Ligand SMILES: Nc1nc2c(ncn2[C@@H]2O[C@H](COP(=O)(O)OP(=O)(O)OP(=O)(O)O)[C@@H](O)[C@H]2O)c(=O)[nH]1
Ligand SMILES: [Mg+2]
(Lines give C-alpha, C1' and ligand atoms only; values in the text may rest on other atoms or scores of the structure.)
(Ligands and ions follow the chains in the order given, each with its own letter.)
Protein backbone atom coordinates (compact mmCIF):
# COMPACT_ATOMS: atom_id res chain seq x y z
CA UNK A 1 0.00 0.00 0.00
CA UNK A 2 1.06 3.57 -0.46
CA UNK A 3 1.92 5.06 2.89
CA UNK A 4 -0.21 8.08 2.17
CA UNK A 5 -3.30 6.69 0.46
CA UNK A 6 -5.67 9.21 2.04
CA UNK A 7 -8.83 7.12 1.70
CA UNK A 8 -7.18 4.22 3.47
CA UNK A 9 -5.86 6.56 6.17
CA UNK A 10 -9.32 8.01 6.76
CA UNK A 11 -10.54 4.48 7.47
CA UNK A 12 -7.71 3.90 9.93
CA UNK A 13 -8.51 7.16 11.72
CA UNK A 14 -12.15 6.17 12.13
CA UNK A 15 -11.17 2.73 13.42
CA UNK A 16 -9.01 4.32 16.10
CA UNK A 17 -5.68 3.11 14.70
CA UNK A 18 -3.12 5.35 16.41
CA UNK A 19 -0.36 4.95 13.84
CA UNK A 20 -2.85 5.67 11.07
CA UNK A 21 -4.08 8.73 12.94
CA UNK A 22 -0.51 9.98 13.32
CA UNK A 23 0.12 9.45 9.60
CA UNK A 24 -3.11 11.24 8.76
CA UNK A 25 -1.96 14.23 10.80
CA UNK A 26 1.26 14.33 8.79
CA UNK A 27 -0.67 14.29 5.52
CA UNK A 28 -2.86 17.13 6.71
CA UNK A 29 0.15 19.06 7.92
CA UNK A 30 1.95 18.73 4.61
CA UNK A 31 -1.07 19.85 2.64
CA UNK A 32 -1.75 19.30 -1.04
CA UNK A 33 -4.38 17.16 -2.77
CA UNK A 34 -3.94 14.17 -0.41
CA UNK A 35 -4.86 16.41 2.51
CA UNK A 36 -7.98 17.59 0.69
CA UNK A 37 -9.11 14.03 0.01
CA UNK A 38 -8.46 13.00 3.62
CA UNK A 39 -10.31 15.99 5.08
CA UNK A 40 -13.19 15.43 2.68
CA UNK A 41 -13.48 11.83 3.87
CA UNK A 42 -13.35 12.79 7.55
CA UNK A 43 -15.41 15.95 7.31
CA UNK A 44 -18.09 16.46 9.93
CA UNK A 45 -19.72 19.90 10.11
CA UNK A 46 -21.07 19.29 13.63
CA UNK A 47 -18.75 16.92 15.43
CA UNK A 48 -19.63 15.64 18.90
CA UNK A 49 -16.11 16.45 20.07
CA UNK A 50 -15.41 19.90 21.52
CA UNK A 51 -12.24 21.88 21.03
CA UNK A 52 -10.65 24.20 23.56
CA UNK A 53 -8.05 26.81 22.58
CA UNK A 54 -5.28 27.53 25.06
CA UNK A 55 -3.47 30.78 24.38
CA UNK A 56 -1.40 33.39 26.18
CA UNK A 57 2.09 34.85 26.31
CA UNK A 58 5.23 32.70 26.08
CA UNK A 59 5.90 30.73 29.24
CA UNK A 60 2.53 31.50 30.85
CA UNK A 61 2.01 27.82 31.62
CA UNK A 62 -0.16 26.75 28.68
CA UNK A 63 1.48 23.35 28.31
CA UNK A 64 1.55 22.83 32.09
CA UNK A 65 -2.17 23.56 32.17
CA UNK A 66 -2.73 21.19 29.25
CA UNK A 67 -1.00 18.50 31.30
CA UNK A 68 -3.30 18.89 34.30
CA UNK A 69 -6.37 19.24 32.09
CA UNK A 70 -5.50 15.94 30.40
CA UNK A 71 -5.26 14.28 33.83
CA UNK A 72 -8.57 15.81 34.88
CA UNK A 73 -10.46 14.73 31.76
CA UNK A 74 -8.94 11.27 31.96
CA UNK A 75 -10.27 10.94 35.50
CA UNK A 76 -13.71 11.69 34.07
CA UNK A 77 -13.40 8.88 31.56
CA UNK A 78 -12.80 11.14 28.58
CA UNK A 79 -10.21 10.78 25.83
CA UNK A 80 -8.43 14.11 25.52
CA UNK A 81 -6.35 15.04 22.50
CA UNK A 82 -3.86 17.87 22.16
CA UNK A 83 -2.47 19.79 19.22
CA UNK A 84 0.40 21.93 20.49
CA UNK A 85 1.93 24.55 18.21
CA UNK A 86 5.41 25.97 18.67
CA UNK A 87 7.00 28.64 16.48
CA UNK A 88 9.13 27.60 13.49
CA UNK A 89 12.41 29.41 12.98
CA UNK A 90 11.99 32.10 10.34
CA UNK A 91 15.62 31.49 9.35
CA UNK A 92 15.83 27.74 8.88
CA UNK A 93 12.16 26.74 8.82
CA UNK A 94 13.01 24.19 11.49
CA UNK A 95 11.53 24.12 14.98
CA UNK A 96 12.07 22.78 18.44
CA UNK A 97 8.75 21.44 19.58
CA UNK A 98 8.89 21.51 23.35
CA UNK A 99 5.29 21.64 24.51
CA UNK A 100 5.06 17.84 24.69
CA UNK A 101 7.79 17.80 27.33
CA UNK A 102 5.29 19.00 29.94
CA UNK A 103 2.66 16.40 29.02
CA UNK A 104 4.95 13.48 28.40
CA UNK A 105 3.73 11.52 31.45
CA UNK A 106 0.60 10.76 29.38
CA UNK A 107 2.56 9.41 26.40
CA UNK A 108 1.82 5.73 27.00
CA UNK A 109 -1.88 6.25 27.58
CA UNK A 110 -3.80 5.00 24.52
CA UNK A 111 -6.68 7.30 25.49
CA UNK A 112 -4.56 10.44 25.21
CA UNK A 113 -3.12 11.68 21.93
CA UNK A 114 -0.61 14.52 21.81
CA UNK A 115 0.74 15.98 18.61
CA UNK A 116 3.23 18.82 18.19
CA UNK A 117 3.26 21.13 15.20
CA UNK A 118 5.60 23.85 13.99
CA UNK A 119 3.88 27.05 12.90
CA UNK A 120 5.73 26.79 9.54
CA UNK A 121 5.63 30.48 8.82
CA UNK A 122 1.94 30.91 9.46
CA UNK A 123 1.06 33.94 11.54
CA UNK A 124 -1.83 34.06 13.96
CA UNK A 125 -0.45 31.76 16.64
CA UNK A 126 -1.26 28.49 14.86
CA UNK A 127 0.00 26.54 11.86
CA UNK A 128 -2.12 26.84 8.73
CA UNK A 129 -3.28 23.23 9.15
CA UNK A 130 -3.95 23.27 12.91
CA UNK A 131 -7.71 23.48 12.52
CA UNK A 132 -7.73 20.42 10.27
CA UNK A 133 -5.38 18.55 12.60
CA UNK A 134 -7.82 19.15 15.46
CA UNK A 135 -10.65 17.83 13.26
CA UNK A 136 -8.66 14.68 12.55
CA UNK A 137 -8.20 14.07 16.29
CA UNK A 138 -11.93 14.55 16.79
CA UNK A 139 -12.64 12.07 14.00
CA UNK A 140 -10.31 9.65 15.77
CA UNK A 141 -12.55 9.78 18.83
CA UNK A 142 -10.63 12.25 20.98
CA UNK A 143 -12.70 14.67 23.03
CA UNK A 144 -12.07 17.35 24.09
CA UNK A 145 -9.31 18.47 21.77
CA UNK A 146 -7.00 21.08 23.25
CA UNK A 147 -5.28 23.46 20.87
CA UNK A 148 -2.24 25.15 22.40
CA UNK A 149 -1.07 28.18 20.43
CA UNK A 150 2.46 29.50 20.23
CA UNK A 151 3.20 32.08 22.91
CA UNK A 152 1.33 35.12 21.67
CA UNK A 153 1.93 38.83 22.04
CA UNK A 154 -0.85 41.08 20.88
CA UNK A 155 -2.81 40.11 17.86
CA UNK A 156 -2.42 36.40 17.20
CA UNK A 157 -5.93 35.28 17.92
CA UNK A 158 -6.76 32.89 15.13
CA UNK A 159 -7.49 30.15 17.66
CA UNK A 160 -10.71 31.93 18.58
CA UNK A 161 -12.19 31.11 15.20
CA UNK A 162 -10.87 27.56 15.27
CA UNK A 163 -11.81 26.34 18.76
CA UNK A 164 -15.26 26.04 20.33
CA UNK A 165 -13.98 27.76 23.46
CA UNK A 166 -10.84 29.71 24.19
CA UNK A 167 -8.90 29.94 27.43
CA UNK A 168 -6.54 32.89 27.79
CA UNK A 169 -3.67 32.29 30.23
CA UNK A 170 -2.01 35.29 31.86
CA UNK A 171 0.64 35.46 34.57
CA UNK A 172 1.77 38.12 37.02
CA UNK A 173 4.80 40.22 36.41
CA UNK A 174 4.81 40.30 32.64
CA UNK A 175 4.24 44.01 32.71
CA UNK A 176 2.92 44.01 29.18
CA UNK A 177 -0.56 42.87 30.11
CA UNK A 178 -1.52 46.41 29.28
CA UNK A 179 -0.57 45.68 25.70
CA UNK A 180 -3.09 42.88 25.63
CA UNK A 181 -5.78 45.06 27.10
CA UNK A 182 -5.18 47.73 24.50
CA UNK A 183 -5.49 45.23 21.70
CA UNK A 184 -8.85 44.08 23.06
CA UNK A 185 -7.32 40.69 23.72
CA UNK A 186 -9.43 40.22 26.81
CA UNK A 187 -12.32 39.49 24.50
CA UNK A 188 -10.72 36.41 23.07
CA UNK A 189 -11.09 34.37 26.22
CA UNK A 190 -14.25 32.61 27.26
CA UNK A 191 -12.26 31.94 30.37
CA UNK A 192 -9.28 33.92 31.60
CA UNK A 193 -6.85 31.91 33.71
CA UNK A 194 -4.49 33.85 35.94
CA UNK A 195 -1.76 31.25 36.45
CA UNK A 196 1.27 31.18 38.75
CA UNK A 197 -0.73 32.39 41.74
CA UNK A 198 2.24 31.24 43.81
CA UNK A 199 4.20 34.16 42.40
CA UNK A 200 4.05 37.76 43.61
CA UNK A 201 1.95 40.28 41.72
CA UNK A 202 -1.25 38.30 41.44
CA UNK A 203 -3.49 40.90 43.10
CA UNK A 204 -2.21 43.57 40.81
CA UNK A 205 -2.77 41.39 37.74
CA UNK A 206 -6.29 40.58 38.85
CA UNK A 207 -7.11 44.23 39.35
CA UNK A 208 -5.88 45.13 35.87
CA UNK A 209 -7.72 42.23 34.25
CA UNK A 210 -11.01 42.94 36.01
CA UNK A 211 -10.79 46.61 35.15
CA UNK A 212 -10.17 45.85 31.51
CA UNK A 213 -13.19 43.57 31.36
CA UNK A 214 -15.29 46.69 31.63
CA UNK A 215 -14.15 47.53 28.14
CA UNK A 216 -15.52 44.37 26.61
CA UNK A 217 -17.75 45.38 23.72
CA UNK A 218 -21.45 45.75 24.29
CA UNK A 219 -23.35 42.52 23.72
CA UNK A 220 -20.27 40.32 24.13
CA UNK A 221 -20.16 37.77 26.94
CA UNK A 222 -17.80 38.85 29.70
CA UNK A 223 -15.22 36.11 30.28
CA UNK A 224 -14.95 34.43 33.65
CA UNK A 225 -11.72 34.75 35.59
CA UNK A 226 -10.00 31.99 37.56
CA UNK A 227 -6.83 32.23 39.62
CA UNK A 228 -4.66 29.15 39.93
CA UNK A 229 -1.19 27.73 40.20
CA UNK A 230 -0.17 24.60 38.38
CA UNK A 231 2.86 24.48 40.66
CA UNK A 232 0.87 24.22 43.92
CA UNK A 233 -2.45 22.91 42.60
CA UNK A 234 -4.28 25.84 44.12
CA UNK A 235 -7.39 26.87 42.19
CA UNK A 236 -7.21 24.00 39.70
CA UNK A 237 -10.50 22.39 40.81
CA UNK A 238 -12.20 25.73 40.27
CA UNK A 239 -10.66 25.94 36.79
CA UNK A 240 -11.79 22.41 35.91
CA UNK A 241 -15.36 22.97 37.01
CA UNK A 242 -15.68 26.34 35.27
CA UNK A 243 -14.27 24.93 32.05
CA UNK A 244 -16.43 21.81 32.18
CA UNK A 245 -19.50 23.97 32.83
CA UNK A 246 -18.70 26.02 29.75
CA UNK A 247 -18.17 22.88 27.71
CA UNK A 248 -21.44 21.31 28.73
CA UNK A 249 -23.48 24.48 28.84
CA UNK A 250 -26.16 25.08 26.28
CA UNK A 251 -23.82 27.67 24.87
CA UNK A 252 -24.31 28.54 21.27
CA UNK A 253 -21.71 26.30 19.70
CA UNK A 254 -23.78 26.40 16.50
CA UNK A 255 -22.79 30.01 15.91
CA UNK A 256 -19.15 29.09 16.44
CA UNK A 257 -19.51 26.16 14.05
CA UNK A 258 -21.19 28.28 11.40
CA UNK A 259 -18.36 30.80 11.60
CA UNK A 260 -15.86 28.00 11.34
CA UNK A 261 -17.49 26.39 8.32
CA UNK A 262 -17.57 29.79 6.63
CA UNK A 263 -13.87 30.36 7.33
CA UNK A 264 -13.05 26.88 6.16
CA UNK A 265 -14.86 27.52 2.91
CA UNK A 266 -13.14 30.85 2.39
CA UNK A 267 -9.74 29.37 3.14
CA UNK A 268 -10.14 26.45 0.78
CA UNK A 269 -11.45 28.76 -1.94
CA UNK A 270 -8.56 31.16 -1.39
CA UNK A 271 -6.00 28.35 -1.55
CA UNK A 272 -7.44 26.97 -4.77
CA UNK A 273 -7.78 30.50 -6.17
CA UNK A 274 -4.16 31.31 -5.42
CA UNK A 275 -2.94 28.12 -6.99
CA UNK A 276 -5.12 28.67 -10.06
CA UNK A 277 -3.99 32.27 -10.48
CA UNK A 278 -0.32 31.39 -10.11
CA UNK A 279 -0.71 28.64 -12.69
CA UNK A 280 -2.32 31.11 -15.06
CA UNK A 281 0.48 33.60 -14.49
CA UNK A 282 3.07 30.92 -15.12
CA UNK A 283 1.36 29.65 -18.26
CA UNK A 284 0.47 32.98 -19.83
CA UNK A 285 3.66 34.90 -19.01
CA UNK A 286 6.11 32.86 -17.01
CA UNK A 287 6.83 34.47 -13.67
CA UNK A 288 10.42 35.50 -14.39
CA UNK A 289 9.41 36.73 -17.84
CA UNK A 290 6.73 38.89 -16.22
CA UNK A 291 9.33 40.32 -13.82
CA UNK A 292 11.53 41.19 -16.80
CA UNK A 293 8.63 42.96 -18.51
CA UNK A 294 7.87 45.01 -15.42
CA UNK A 295 11.52 45.94 -14.95
CA UNK A 296 11.74 46.95 -18.61
CA UNK A 297 8.82 49.30 -18.08
CA UNK A 298 6.57 47.44 -20.56
CA UNK A 299 3.83 46.81 -18.05
CA UNK A 300 3.07 46.88 -14.31
CA UNK A 301 2.16 44.16 -11.82
CA UNK A 302 -1.31 45.71 -11.66
CA UNK A 303 -1.91 45.42 -15.37
CA UNK A 304 -0.73 41.81 -15.31
CA UNK A 305 -3.05 41.15 -12.38
CA UNK A 306 -6.02 42.49 -14.31
CA UNK A 307 -5.11 40.41 -17.36
CA UNK A 308 -4.86 37.27 -15.24
CA UNK A 309 -8.26 38.04 -13.76
CA UNK A 310 -9.74 38.51 -17.24
CA UNK A 311 -8.15 35.27 -18.43
CA UNK A 312 -9.49 33.32 -15.47
CA UNK A 313 -13.00 34.47 -16.35
CA UNK A 314 -12.68 32.73 -19.68
CA UNK A 315 -10.91 29.65 -18.42
CA UNK A 316 -12.90 26.43 -18.16
CA UNK A 317 -13.69 25.59 -14.54
CA UNK B 1 1.99 17.22 -2.27
CA UNK B 2 2.96 20.08 -0.02
CA UNK B 3 5.99 20.78 2.10
CA UNK B 4 7.54 17.71 3.66
CA UNK B 5 9.67 18.41 6.73
CA UNK B 6 11.98 15.96 8.41
CA UNK B 7 10.61 15.23 11.88
CA UNK B 8 12.85 13.91 14.64
CA UNK B 9 12.27 12.97 18.24
CA UNK B 10 15.16 13.53 20.61
CA UNK B 11 14.93 11.81 23.96
CA UNK B 12 17.02 10.83 26.93
CA UNK B 13 16.23 7.42 28.36
CA UNK B 14 17.68 6.35 31.67
CA UNK B 15 18.49 8.21 34.80
CA UNK B 16 21.19 10.72 33.99
CA UNK B 17 19.97 14.27 33.92
CA UNK B 18 22.55 15.87 31.66
CA UNK B 19 20.74 17.07 28.59
CA UNK B 20 23.16 19.66 27.27
CA UNK B 21 24.33 17.34 24.52
CA UNK B 22 20.78 16.42 23.54
CA UNK B 23 19.71 20.06 23.40
CA UNK B 24 22.79 20.98 21.39
CA UNK B 25 21.93 18.36 18.78
CA UNK B 26 18.28 19.43 18.82
CA UNK B 27 19.26 23.00 18.02
CA UNK B 28 21.62 21.93 15.24
CA UNK B 29 18.85 19.89 13.64
CA UNK B 30 16.43 22.79 13.93
CA UNK B 31 18.97 25.09 12.32
CA UNK B 32 19.18 22.59 9.46
CA UNK B 33 15.43 23.10 8.90
CA UNK B 34 14.11 20.05 10.75
CA UNK B 35 11.28 19.79 13.26
CA UNK B 36 12.58 18.39 16.52
CA UNK B 37 10.28 17.11 19.22
CA UNK B 38 12.19 17.27 22.47
CA UNK B 39 10.79 15.04 25.22
CA UNK B 40 13.37 15.66 27.89
CA UNK B 41 15.23 13.57 30.42
CA UNK B 42 14.45 10.30 32.23
CA UNK B 43 12.15 8.87 29.60
CA UNK B 44 11.15 5.22 29.61
CA UNK B 45 11.57 3.31 26.33
CA UNK B 46 7.76 2.88 26.21
CA UNK B 47 7.14 6.62 26.52
CA UNK B 48 9.75 7.36 23.85
CA UNK B 49 8.24 4.87 21.41
CA UNK B 50 4.66 5.98 22.07
CA UNK B 51 5.61 9.63 21.55
CA UNK B 52 7.50 8.76 18.35
CA UNK B 53 4.37 7.09 16.96
CA UNK B 54 2.04 9.95 17.87
CA UNK B 55 4.45 12.52 16.48
CA UNK B 56 4.96 10.43 13.31
CA UNK B 57 8.66 11.18 13.28
CA UNK B 58 11.11 9.91 10.68
CA UNK B 59 13.93 9.53 13.21
CA UNK B 60 14.40 8.90 16.91
CA UNK B 61 17.68 10.06 18.40
CA UNK B 62 18.65 8.89 21.89
CA UNK B 63 21.25 10.37 24.14
CA UNK B 64 22.61 8.56 27.16
CA UNK B 65 25.56 9.14 29.43
CA UNK B 66 24.77 6.74 32.23
CA UNK B 67 26.10 3.60 30.58
CA UNK B 68 22.79 1.74 30.38
CA UNK B 69 22.70 1.96 26.57
CA UNK B 70 23.12 -1.79 25.99
CA UNK B 71 19.80 -2.34 27.68
CA UNK B 72 17.82 0.85 27.00
CA UNK B 73 18.67 1.46 23.33
CA UNK B 74 17.55 -2.00 22.11
CA UNK B 75 14.48 -1.71 24.32
CA UNK B 76 13.40 1.45 22.44
CA UNK B 77 13.85 -0.49 19.18
CA UNK B 78 11.67 -3.30 20.52
CA UNK B 79 8.99 -0.90 21.72
CA UNK B 80 8.89 0.75 18.30
CA UNK B 81 8.46 -2.50 16.45
CA UNK B 82 5.81 -3.61 18.93
CA UNK B 83 3.92 -0.52 17.76
CA UNK B 84 4.42 -1.30 14.08
CA UNK B 85 6.91 1.52 13.77
CA UNK B 86 10.19 -0.23 13.00
CA UNK B 87 10.52 1.92 9.88
CA UNK B 88 11.49 4.85 12.12
CA UNK B 89 15.26 5.31 11.84
CA UNK B 90 17.14 5.10 15.14
CA UNK B 91 20.40 6.75 16.08
CA UNK B 92 22.13 7.23 19.39
CA UNK B 93 24.82 9.21 21.07
CA UNK B 94 26.69 9.51 24.30
CA UNK B 95 29.50 7.86 26.14
CA UNK B 96 29.46 4.55 24.32
CA UNK B 97 32.51 2.27 24.14
CA UNK B 98 33.53 1.15 20.66
CA UNK B 99 33.00 -2.49 21.50
CA UNK B 100 29.30 -1.86 22.20
CA UNK B 101 28.62 -0.28 18.82
CA UNK B 102 28.23 -3.46 16.70
CA UNK B 103 25.65 -4.82 19.14
CA UNK B 104 23.63 -1.62 19.00
CA UNK B 105 23.75 -1.65 15.20
CA UNK B 106 22.44 -5.21 15.20
CA UNK B 107 19.66 -4.02 17.48
CA UNK B 108 18.57 -1.57 14.78
CA UNK B 109 20.59 1.57 15.38
CA UNK B 110 21.69 3.07 12.08
CA UNK B 111 24.38 5.26 13.65
CA UNK B 112 26.06 5.79 17.01
CA UNK B 113 27.78 9.10 17.71
CA UNK B 114 30.44 9.20 20.40
CA UNK B 115 31.49 12.38 22.24
CA UNK B 116 34.00 13.39 19.55
CA UNK B 117 31.28 13.66 16.89
CA UNK B 118 30.23 17.10 15.67
CA UNK B 119 26.64 18.26 15.31
CA UNK B 120 27.12 18.61 11.56
CA UNK B 121 27.90 14.89 11.33
CA UNK B 122 24.51 14.18 12.87
CA UNK B 123 22.79 16.59 10.49
CA UNK B 124 24.54 14.99 7.51
CA UNK B 125 23.57 11.52 8.67
CA UNK B 126 19.91 12.52 8.98
CA UNK B 127 19.83 14.23 5.59
CA UNK B 128 21.49 11.30 3.85
CA UNK B 129 19.25 8.68 5.44
CA UNK B 130 16.14 10.70 4.71
CA UNK B 131 17.14 11.14 1.09
CA UNK B 132 17.82 7.41 0.76
CA UNK B 133 14.45 6.55 2.36
CA UNK B 134 12.61 8.97 0.09
CA UNK B 135 14.15 7.46 -3.05
CA UNK B 136 13.44 3.96 -1.85
CA UNK B 137 9.86 5.09 -1.27
CA UNK B 138 9.59 3.64 2.21
CA UNK B 139 8.17 6.92 3.44
CA UNK B 140 6.24 9.22 1.19
N1 LIG C 1 5.88 29.16 39.68
C2 LIG C 1 5.10 28.59 38.77
N3 LIG C 1 5.64 28.15 37.61
C4 LIG C 1 4.83 27.58 36.70
C5 LIG C 1 3.43 27.46 36.90
N6 LIG C 1 2.89 26.89 35.79
C7 LIG C 1 3.91 26.66 34.94
N8 LIG C 1 5.08 27.08 35.47
C9 LIG C 1 6.43 27.02 34.87
O10 LIG C 1 6.51 27.98 33.84
C11 LIG C 1 7.39 27.53 32.82
C12 LIG C 1 6.69 27.58 31.46
O13 LIG C 1 5.61 26.66 31.49
P14 LIG C 1 4.96 26.09 30.17
O15 LIG C 1 3.81 25.26 30.57
O16 LIG C 1 6.00 25.48 29.31
O17 LIG C 1 4.48 27.45 29.49
P18 LIG C 1 3.87 27.67 28.03
O19 LIG C 1 2.91 28.77 28.12
O20 LIG C 1 3.38 26.37 27.49
O21 LIG C 1 5.17 28.12 27.22
P22 LIG C 1 5.34 28.25 25.62
O23 LIG C 1 4.62 27.10 24.98
O24 LIG C 1 6.82 28.19 25.43
O25 LIG C 1 4.76 29.60 25.24
C26 LIG C 1 7.81 26.13 33.22
O27 LIG C 1 9.04 26.19 33.83
C28 LIG C 1 6.74 25.70 34.19
O29 LIG C 1 7.18 24.74 35.11
C30 LIG C 1 2.90 27.93 38.14
O31 LIG C 1 1.71 27.86 38.44
N32 LIG C 1 3.78 28.49 39.03
MG1 LIG D 1 3.88 25.41 25.70
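Each row is one residue, and each column tells you yes or no for (1) away from ligand 1 (no atom under 16 Å from the Cβ); (2) within 14 Å of chain B (Cβ to nearest Cβ); (3) more than 26 Å from residue A:199 (Cα to Cα).
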residue	(1), (2), (3)
A:55	no, no, no
A:77	yes, no, yes
A:87	no, yes, yes
A:91	yes, yes, yes
A:96	no, yes, yes
- Task: Answer yes if at least one residue in region B:19-37 is facing chain A (nearest Cβ under 9 Å), buried (at least 17 other Cβ atoms within 10 Å of the Cβ), within 12 Å of the chain's Cα centre (by Cα) and part of a strand (DSSP E or B), and no otherwise.
- Result: yes
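Kindly indicate whether any position in region A:251-273 is away from ligand 2 (no atom under 16 Å from the Cβ) and more than 28 Å from residue A:128 (Cα to Cα).
Taking region A:251-273 first, the residues away from ligand 2 (no atom under 16 Å from the Cβ) are A:251-273.
Remaining after also requiring more than 28 Å from residue A:128 (Cα to Cα): none.
No; the residues of region A:251-273 include none that is away from ligand 2 (no atom under 16 Å from the Cβ) and more than 28 Å from residue A:128 (Cα to Cα).
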- Matching residues, region A:214-224, being at pLDDT 80 or above and either at positive phi or touching a helix residue (DSSP H, G or I) at 6+ places or on another chain (Cβ under 6 Å) (or both): A:222, A:224
- Candidate set: region A:20-49, residues that are surrounded by fewer than 15 Cβ atoms within 10 Å (Cβ to Cβ) and not in a loop (DSSP other than H, G, I, E, B); chosen: the one modelled with the lowest pLDDT: A:33
- Task: Please enumerate the residues belonging to region B:73-89 that are touching a helix residue (DSSP H, G or I) at 6+ places or on another chain (Cβ under 6 Å) and at negative phi.
- Result: B:73, B:75, B:76, B:79, B:80, B:83, B:85, B:86, B:88, B:89
- State all residues of region B:108-121 that are over 13 Å from the mean Cα position of the chain (by Cα) and assigned to a loop (DSSP other than H, G, I, E, B); if no residue qualifies, say none. B:114, B:115, B:116, B:117, B:118
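Considering each of A:152, A:145 in turn, give the residue that is within 17 Å of the chain's Cα centre (by Cα), within 14 Å of ligand 1 (Cβ to nearest atom), crowded, with 21+ Cβ neighbours inside 10 Å and away from every other protein chain (no Cβ under 12 Å). I'd like the intermediate steps shown before the answer.
On the way: A:145 fails: within 14 Å of ligand 1 (Cβ to nearest atom).
So the residue among A:152, A:145 that is within 17 Å of the chain's Cα centre (by Cα), within 14 Å of ligand 1 (Cβ to nearest atom), crowded, with 21+ Cβ neighbours inside 10 Å and away from every other protein chain (no Cβ under 12 Å) is A:152.
Grab the strands (runs of 3 or more DSSP E) fully contained in region A:52-131, keeping just those with 2 or more residues being in contact (Cβ under 8 Å) with a residue 40 or more places away in the chain, away from ligand 2 (no atom under 13 Å from the Cβ) and buried (at least 22 other Cβ atoms within 10 Å of the Cβ).
It comes to A:113-118.
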- Of the conditions (1) in contact with a helix residue (DSSP H, G or I) (Cβ under 7 Å, 6 or more places away or on another chain); (2) within 13 Å of ligand 1 (Cβ to nearest atom); (3) within 9 Å of chain B (Cβ to nearest Cβ), the single one that residue A:107 does not satisfy is (2)
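The values are calculated or read from the model by the stated rules, or taken from the named source; none is laboratory data. This is a predicted model, so every value here is computed, not measured. With ideal geometry, Cβ positions are generated from the backbone for all residues, glycine too; neighbour counts draw on all protein chains shown.
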